[in-house]
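Data block below; observations after.
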Amino acid sequence: MAVLTEDKRKLIGQLQKHLLRWQGFKSPENSSESIGLGSVERAFPNAVFPIGSIHEFIGTTPEQAAATSGFIGGILAALMRKGGVCLWISTSNRLFPPAIKHFGVEPDRIIFIEARREKDILWALEEALKCDRLIAAVAELPAMDFSQSLRLQLAVEKSRVTGFVFRSNPLRVGNTACAARWQITPLPSESDEGVPGVGLPKWGVELLKVRNGNPGYWELKWSAGQFIPVSKPAKLLELPMRNRKIG
């Protein structure tokens, strides 16, 4: 097998960036700044977590819903470390605000909005994503079709707000215009040696789809205010989404 020289690696990297640009991919602002997801970020184009994009999360159990909320909280902490606020929109606020503080986000920096109907959530999310004074907006929205996701994506391309749509128990998944589709599965926690009680949060992180990127699976835990890769594989509490049939 031929060994690539450093010059050839640089040339291939440049060609990949040209291809992404021709395909309409826009590099995010502050693209050199990592949000702390480690090897997960290398799955995205140019090895950069796409801010100013829509991220779709799929969950099918209450355990996955809790794990997803915590994982999103960790990402929000990275996005908001220089200040700013975000919105969290749902029909019933199931997130316990003080709990999000464990992931480095002060509850008073999140504006919680409760809407009665799903279509009101979608409207509120789209309007929030147009506001460039926000860092991010999160919405619990089971149903979302391609045209709706495209409108959300078009809204953030100008404002650079990052959107998170958590779809719990969707009847159909279908195609969307989102930059990535995630599934977060809780893994058995690990207690520090000699310390009783519940251990550190740990997740099975699966990127089911990545626009112009590479889907994959990783295991991460939350410790000392950051995501830490788990070297030893752990048993999943739930099957990954790729092994499920929906719709």
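Observations on the model:
- Formal net charge of residues neighbouring L129 (Cβ-Cβ distance under 13 Å; K, R +1; D, E -1): +1
- Accessible surface of region 86-210 [probe 1.4 Å, protein heavy atoms]: carbon and sulfur percent: 54
- The count of lysine pairs in region 56-214 whose Cα atoms are under 21 Å apart, excluding pairs fewer than 8 places apart on the same chain, comes to 6.
- Nitroxide proxy distance, nm - points 7 Å out along Cα→Cβ at A143 and R117: 1.1
- Listed residues D120, D108, D132, D145 arranged by accessible area, highest first, probe 1.4 Å: D108, D132, D145, D120
- Local electrostatic count at L141 - Lys and Arg +1, Asp and Glu -1, tallied over other residues with Cβ under 9 Å: -1
- Packing-based ranking, highest mean first, of 165-174, 202-211, 51-60 given that Cβ atoms within 10 Å are counted: 51-60, 202-211, 165-174
- Theoretical FRET efficiency, 1/(1+(r/R0)^6), r = Cβ-Cβ of L154 and D132, R0 25 Å, to 0.05: 0.95
The values are calculated or read from the model by the stated rules, or taken from the named source; none is laboratory data. Keep in mind the model is a prediction, meaning the values are calculated, not measured. Glycine also receives a Cβ, built like all others from the backbone with ideal geometry; neighbour counts cover every protein chain displayed. With ligands, DNA and RNA removed, areas are computed over all heavy atoms of the protein, side chains included. Shrake-Rupley method; radii C 1.70, N 1.55, O 1.52, S 1.80 Å.
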